[in-house]
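Q: Quick one: structure below, then a few questions.
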Amino acid sequence: MKITSLVFAALIASAGTVAFNAQAAEPKAQTVAAIYQNKAALTGKTISAQGNVVKVNNNIMGRNFVHVQDGTGKADAGNNNLIVTSKQTANVGDKVVVTGVVVQNRDFGSGYSYPLLVEDASITAKK
């Protein structure tokens with residue numbers, strides 16, 4: 001009986017470790033251009049990107065809008081600027097990693113309409 005209990009306890013412990021490791025895994029960082037290119041497949045999924053903060057609009061509709069660029073994409077194609085909404089903020093010039101959920105065609109009303117957003121993001125200073 002003791003051996004069966006020990007084996008069962010070991011199985012539960014290892015399953016808990018696997019579940020913990022799966023939750024702790026951050027999504028692999030993607031380029032801004034790649035996020036735009038694959039936006040249909042990424043919609044509703046958590047992504048991660050890194051780049052430089054080029055614009056910040058704080059406290060609009062209870063969130064901060066942070067614009068991140070990484071040098072990929074083209075301004076004239078509209079795929080070089082990733083707009084992130086978050087409770088966190090950053091400063092223009094900061095190098096950051098953002099992780100959040102991809103949303104398409106988000107319309108907040110009052111002229112705030114976005115073909116692509118990363119919402120509810122965490123913003124971390126890049127080391």
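Q: Around GLN50, what is the net charge, scoring Lys/Arg as +1 and Asp/Glu as -1 over all other residues with Cβ under 10 Å from its Cβ?
A: Charge balance in the 10 Å sphere: +1.
Q: I would also like to ask the following. A 19 angstrom limit on the alpha carbon distance is what I want to check against. Which of LYS87/LYS127; LYS45/LYS127; LYS45/LYS74; LYS95/LYS127; LYS55/LYS87 exceed it?
A: Values: LYS87/LYS127 21 Å; LYS45/LYS127 25 Å; LYS45/LYS74 24 Å; LYS95/LYS127 8 Å; LYS55/LYS87 16 Å.
Pairs exceeding the cut-off: LYS87/LYS127; LYS45/LYS127; LYS45/LYS74.
Q: Along the Cα→Cβ direction, 7 angstrom out, place labels at GLN104 and GLN37. What is the inter-label distance in nm?
A: Here the answer is 1.7 nm between the modelled labels.
Q: Given H placed on each backbone N at 1.01 Å, which residues far from THR89 in sequence or on other chains put an amide H within less than 5 Å of it?
A: Long-range HN contacts for THR89: none found.
Q: Pick out, in residue order, every one of the trypsin sites (Lys or Arg not before Pro) in the stretch 54-114 that is DSSP loop and has at most 11 other C-beta atoms within 10 Å; say none if there are none. The partial results should precede the final answer.
A: Working: sites: LYS55, ARG63, LYS74, LYS87, LYS95, ARG106; in loops: LYS74, LYS87.
Loop-located and lightly packed - LYS74, LYS87.
Q: Turning to a different aspect of this structure: Amide H neighbours of ASN79 under 5 Å, counting only residues 5+ apart in sequence or on other chains, H built in-plane at 1.01 Å?
A: LYS74
Read the figures in this text as sums done on the coordinates, not as results from a lab. Bear in mind the structure is a predicted one, so any value in this text is a computation, not a measurement. Cβ coordinates were reconstructed from backbone atoms using ideal geometry, including for glycine residues, and neighbour counts include every protein chain displayed.
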